[in-house]
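Down below is the structure, laid out as structure tokens.
The values are calculated or read from the model by the stated rules, or taken from the named source; none is laboratory data. None of these values were measured; they are calculated from a predicted model. Here the Cβ positions follow ideal geometry from the backbone for every residue, glycine too, while neighbour counts run over all protein chains shown.
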Amino acid sequence: MVRLTVFWALALVLCLFSACENMLPSSVPGDQTLDGTIDGLTDGQMKQFERGDEAFREVFVAETGLGPVFVTGSCISCHAGDGKGHPFTTLTRFGQADENGNPYVGKGGPQLQNRSLPGYTPEVIPIGAPFAKFTPPANTGLGFLELVSDADLLAMSDPDDSNQDGISGRPNYAHLPDYVVKSADAIPLNGKYITRFGKKAAAYNLFHQTVNAYNQDMGITSEFEPIDAYTLKPIDPEVSVNTVNDVVFYLQSLKAPIQRNASDATVQKGLTVFKNIGCENCHKETLKTKHSLIPALSEQTFHAYTDLLLHDMGSGLDDGYTEGIAKSSEWRTPPLWGLGLSPESQGGAYYLMHDGRATSLEAAILLHGGEGEQSKTNYQSLSATDKEALISFLNSL
Amino acid sequence: MKYIIAINMAFLCISLNGQTNFHNSGDTSMLLLNSDAMYHRPGISGKNLLFTVGGYIDVNSYYGATNGSMTGFSFEMPDLAFFLSSNLNKHISFLSEAAFESGAEKFKLRMAAVDIKFNKLFNIRTGLILNPIGAFNQNHDGPNYEFVDRPMVSTEILPSVFSNVGAGLHGKIANDKWAAGYEAYLTNGFNDKIIDNELDRTSLRSGVSSYQNTNGKPMFTGKLALRNKTAGEIGISYMRCIYSELDAAQRSVSAMAIDYSNTFLAKRLSIRAELASVHVDVPDTYLQTYAGQQMGAFVDVVGTVLERPIWHWDHAKFNIGVRLEYVDYNQGSFTETGGNIFHEIRSIVPGISFRPTPSTVLRLNYRYQQNVDFLGNTPTKTGAIQVGLSTYF
């Protein structure tokens with residue numbers, strides 16, 4: 001009896017070990033997740049990616065420089081799984097009503113640091129100042145967007161609607177801080193450069209965006225932005241140049257979202273509907289990158305469904321606040337790739353449009369006004385089947 | 001290093017003396033409580049020595065994956081603990097425990113307390129005291145458990161093994177059917193790292209400041225325990241302190257725990273369970289990732305399926321069991337949406353164990369765990385096969 005029991009116990013253990021692989025959770029398919037690298041990184045690049053990933057996850061505390069006023073304590077808290085943010089991490093910017101600049105820069109603006117370490121008082125929006133809320137965007141595929149040439153952006157723009165299609169996209173322009181290295185093929189205008197990242201397209205490149213985010217989101221100073229968000233005085237850097245560079249490389253080398261069910265008949269029909277009702281006039285299906293030292297990013301065509309330009313979205317989405325030369329009713333066309341995976345980073349729900357006010361794809365479509373008004377009207381007149389196909393397509397992205 | 005030398009010297013003395021016996025200072029005719037665990041550890045003492053030494057070791061191996069990403073195979077030695085105790089006279093005793101944690105990464109004095117016994121119900125304890133919050137903190141020796149990992153409620157919600165310098169009273173009355181005990185201590189407490197730490201969540205463990213009090217206010221820890229021979233033991237414990245005065249408000253942290261343990265069917269089936277809840281006064285203007293309320297619980301059910309002489313061992317046992325556990329790092333709701341804040345871990349751990357002797361256990365566990373992030377996104381899934389040995393020495 002004893003020998004039999006010991007035998008069966010040992011047999012169980014052996015079975016367990018031989019079945020080890022099968023007992024462990026399998027990986028999530030690449031098209032179901034937003035994180036992961038582009039292909040073809042060298043060993044050195046992969047190590048830099050990993051350092052950047054680690055820095056992206058670093059949680060700052062008082063001892064390591066957090067705040068004392070801030071929005072959040074880490075990059076990852078706003079971009080869970082490298083996806084879109086949640087209303088919890090929605091940030092507020094205030095002060096600028098028109099293209100004449102922000103009178104609150106240097107006085108606590110443009111970003112509201114609405115949280116603080118114990119013992120400190122967070123900022124409040126000055127009485128009467130215009131403001132808007134911004135939901136953090138997804139990070140994936142940003143390296144591709146960064147490499148679209150200024151010439152291509154200008155080729156898509158039509159500020160005076162010369163083709164009379166009701167769409168008049170234009171790039172945003174801004175004076176750049178000294179630390180931003182301008183691209184060799186940049187096409188400036190009166191000393192200002194085309195900017196493309198952010199809801200109002202106010203950041204020039206991922207380096208500009210990252211330095212700002214450290215400073216304005218977390219109250220972390222760097223050699224590039226040494227002004228403390230609370231005292232408004234320069235202090236020693238709280239994050240190193242190398243770390244900033246690593247995070248920028250991490251963002252540049254995150255893969256592009258992979259479409260799911262692309263060959264599905266309903267999804268394909270949805271793409272046709274998407275184009276037929278005019279969505280693609282702004283949400284351009286295909287863009288291409290210029291030359292890059294990273295082969296996977298160099299001279300590639302990709303499907304981000306954006307033109308990176310500003311469009312007037314009507315009074316319903318006009319919060320009265322703006323950045324750069326954009327009007328307060330103008331918003332940059334957000335890339336739609338990765339849209340279907342948004343709930344995977346937003347707690348299982350959709351929080352769409354610039355401030356997360358739309359909690360479904362249809363609600364987001366119906367909030368389009370201004371240059372998007374005609375497409376919205378076209379959507380409303382679609383048959384239920386076509387609407388369903390369009391939503392299926394958007395969910396597949 | 002001086003601890004290691006002292007411990008080695010103690011072993012040397014005993015081996016020279018050549019006499020060993022099994023130390024047990026309690027009265028076995030009376031029911032024991034979890035708080036008695038520190039008095040009833042196996043140990044050895046020399047014939048002419050005034051002290052008793054002992055310890056235990058945990059060695060584990062781990063093979064697992066999270067969402068298909070293999071962590072590979074690794075060995076761990078989470079605990080190598082040494083006990084040293086002595087009866088200075090019939091009414092004064094000294095108890096201590098020191099341990100290497102996480103291999104040799106950290107050497108920590110876990111307990112060094114002097115008990116002055118006046119009578120059953122009035123005894124003074126002072127020194128570095130194991131705070132009596134929950135049952136596990138006082139009864140944490142690896143060989144007492146059939147599972148490789150410590151319960152998460154005891155390590156993630158409560159900061160076991162958790163001790164502080166302080167003083168207080170304890171007492172117990174017992175007969176062969178009933179036992180009741182109390183403990184009440186004032187000790188050093190927590191600091192503001194509870195809500196300012198790199199875990200990005202409320203963490204009592206991050207705020208432990210055992211040896212110095214940062215704000216001049218002591219922490220109270222108290223426990224009441226009642227045991228019936230048939231119904232088992234239930235304990236209710238509570239602790240509270242001020243952890244921060246940074247923003248002029250006196251911000252407090254408190255924890256409450258309920259524990260239960262019992263054996264059935266002539267000790268062939270045992271149940272241990274513990275539930276703990278933590279409340280922290282977090283400033284309204286701070287991050288919601290730092291919770292005002294946390295909770296966790298676990299239940300272990302273990303049954304003996306075979307008990308008989310096997311090979312060299314006269315009282316060998318095979319057990320099977322399962323642990324269910326849950327921790328919620330953040331029981332709040334989002335200010336912005338009103339929705340639930342998640343940040344939870346759920347796990348189920350079936351296992352088998354073999355005890356060649358009561359003080360040694362070989363364990364084989366399979367851990368299946370789901371981690372839900374702060375926002376409630378799709379959980380990450382972890383599976384792990386764990387094999388471990390834990391034994392008193």
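Some notes on this structure:
- Boolean, A:Gly81 is facing chain B (nearest Cβ under 10 Å) and within 29 Å of A:Ala296 (Cα to Cα): yes
- Inside the stretch B:303-330, residues that are surrounded by 18 or more Cβ atoms within 10 Å (Cβ to Cβ) and acidic (Asp, Glu) make up a count of 2.
- Selection status of A:Glu299, at positive phi and either out of contact with any Cys (no Cβ under 7 Å at 6 or more places or on another chain) or at pLDDT below 95 (or both): yes
- The listed residue being within 18 Å of the chain's Cα centre (by Cα) and more than 24 Å from A:Pro130 (Cβ to Cβ), out of A:Lys288, A:Lys284: A:Lys284
- Some residue of the stretch B:228-250 being over 19 Å from B:Asn139 (Cβ atoms), crowded, with 23+ Cβ neighbours inside 10 Å, aliphatic (A, V, I, L, M) and within 14 Å of chain A (Cβ to nearest Cβ): no
- From the options B:Ser163, B:Ser154, B:Ser96, B:Ser102, residue that is closer than 21 Å to B:Ile271 by Cα and of a type in the set (Gly, Ala, Ser): B:Ser154
- Scanning the stretch B:288-310 for residues being touching a Ser or Thr at 6+ places or on another chain (Cβ under 7 Å), among the β-branched types (Val, Ile, Thr) and within 13 Å of chain A (Cβ to nearest Cβ) gives a total of 1.
- Of all the residues in the stretch A:19-33, those that are modelled with pLDDT of 85 or more and either surrounded by 14 or more Cβ atoms within 10 Å (Cβ to Cβ) or facing chain B (nearest Cβ under 7 Å) (or both) number 7.
- When A:Thr377 is tested against the conditions (1) within 14 Å of chain B (Cβ to nearest Cβ); (2) under 21 Å from A:Lys269 (Cβ atoms); (3) of a type in the set (Val, Ile, Thr), the lone failure is (1).
- The stretch B:366-386, residues that are crowded, with 19+ Cβ neighbours inside 10 Å and more than 8 Å from chain A (Cβ to nearest Cβ): B:Arg367, B:Gln369, B:Gln386
- In the stretch B:337-355, residue surrounded by the most Cβ atoms within 10 Å (Cβ to Cβ) [restricted to those that are more than 12 Å from every other protein chain (Cβ to nearest Cβ) and β-branched (Val, Ile, Thr)]: B:Val349
- B:Glu198 vs. criteria on the phi < 0 side of the Ramachandran plot, without any contact (Cβ under 8 Å) to a residue 24 or more places away in the chain and acidic (Asp, Glu): yes
- Any hit, the stretch A:159-171, residues being surrounded by 23 or more Cβ atoms within 10 Å (Cβ to Cβ), touching a Ser or Thr at 6+ places or on another chain (Cβ under 8 Å) and over 18 Å from A:Asp312 (Cβ atoms): no
- Within the stretch B:225-265, the set of residues being in contact with a Leu (Cβ under 9 Å, 6 or more places away or on another chain) and of a type in the set (Lys, Arg) comprises B:Arg227, B:Lys229.
- Yes/no for A:Glu344 being more than 14 Å from chain B (Cβ to nearest Cβ), touching a residue at least 12 places away in the same chain (Cβ under 8 Å) and either buried (at least 21 other Cβ atoms within 10 Å of the Cβ) or not polar (S, T, N, Q) (or both): no
- Per-region count, the stretch A:228-241, residues loosely packed, with under 13 Cβ neighbours inside 10 Å and without any contact (Cβ under 8 Å) to a residue 60 or more places away in the chain: 7
- All told, A:Gly356 falls short of being in a helix (DSSP H, G or I), within 14 Å of chain B (Cβ to nearest Cβ) and in contact with a Ser or Thr (Cβ under 8 Å, 6 or more places away or on another chain).
- Scanning the stretch B:67-103 for residues being free of Cβ contacts under 8 Å to residues at least 12 places away in the same chain and of a type in the set (Gly, Ala, Ser) gives a total of 3.
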